[in-house]
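Here the structure is laid out as structure tokens; the discussion comes afterwards.
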Amino acid sequence: MPLSREASQMLLRRKIALAVCATAITAPVLSSCGFNYATDQPYDPAAGTNNRDARVDVLAAVVVAGQDDRGTLVAGLANNDDEPISLTSVVGEGLTAEFDPIEVPASGYVNLADEEVHVEGSFAAGDVLKLSLDLDNGESVALEVPVVTNCDEFAGFDTSTGEGAESEDPAYSCEYAEHEGGH
């Protein structure tokens, strides 16, 4: 039996209403599609500092310290150039860092954790050091680098307190303080 004209129009209105509702519900989801996907963006999960302004990217830079006033600079250096570039010095106010130049191969990567760049000065865990990493191509990379303890994910990275290193400063403890009493 065919539908009456009124029933046919009512059925058509319901279909249109359902289509509009379905579009309204899916619009927020579909509007997130497009360009500049979050998965296309650089992401370095780290407590460290990143700088991508020079030909050599400095990634996840931290100073790992086992005690006050001495630590090891840990970072990744990624060379974006067709020629090798060397890290020649690390400079900071009141800080010294002695090491032989470290070459970063053309289009290559160096992990400073393997290079033993020791930093000395007046600092403690929790401080942020203003450092400048100087390269042999004339560029300088300015960073604000956090000082972290030689514990947990950074355990073993501070090589500045090895044999021959003399210090009266006590080493940082990696143990959590026991909570006494109360809640």
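The values are calculated or read from the model by the stated rules, or taken from the named source; none is laboratory data. The structure displayed is predicted, hence computed values, not measured ones. FYI the Cβ positions are ideal-geometry reconstructions off the backbone, even for glycines, and counts take in every protein chain you see. The area values use the complete protein model at the heavy-atom level, side chains included, leaving out ligands, DNA and RNA. Shrake-Rupley method; radii C 1.70, N 1.55, O 1.52, S 1.80 Å.
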Residue in the stretch 101-108 that is modelled with pLDDT of 95 or more, more than 14 Å from the chain's Cα centre (by Cα), at positive phi and of a type in the set (G, A, S) present: yes
Looking only at the stretch 133-148, and only at residues there that are touching a strand residue (DSSP E or B) at 6+ places or on another chain (Cβ under 6 Å) and open to solvent by 30 Å² or more (accessible area, probe 1.4 Å), the one that is farthest from S160 (Cα to Cα): N137
Hits in the stretch 106-132 - residues which are open to solvent by 60 Å² or more (accessible area, probe 1.4 Å), outside any strand (DSSP E or B) and over 19 Å from N50 (Cα atoms): E116, S122
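Listed here are the residues, each with its yes/no results for (1) β-branched (V, I, T); (2) open to solvent by 20 Å² or more (accessible area, probe 1.4 Å); (3) at pLDDT below 95; (4) within 21 Å of the chain's Cα centre (by Cα).
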{"position": "L87", "(1), (2), (3), (4)": "no, no, no, yes"}
{"position": "N150", "(1), (2), (3), (4)": "no, yes, yes, yes"}
{"position": "G162", "(1), (2), (3), (4)": "no, yes, yes, no"}
{"position": "A171", "(1), (2), (3), (4)": "no, yes, yes, no"}
{"position": "E175", "(1), (2), (3), (4)": "no, yes, yes, no"}
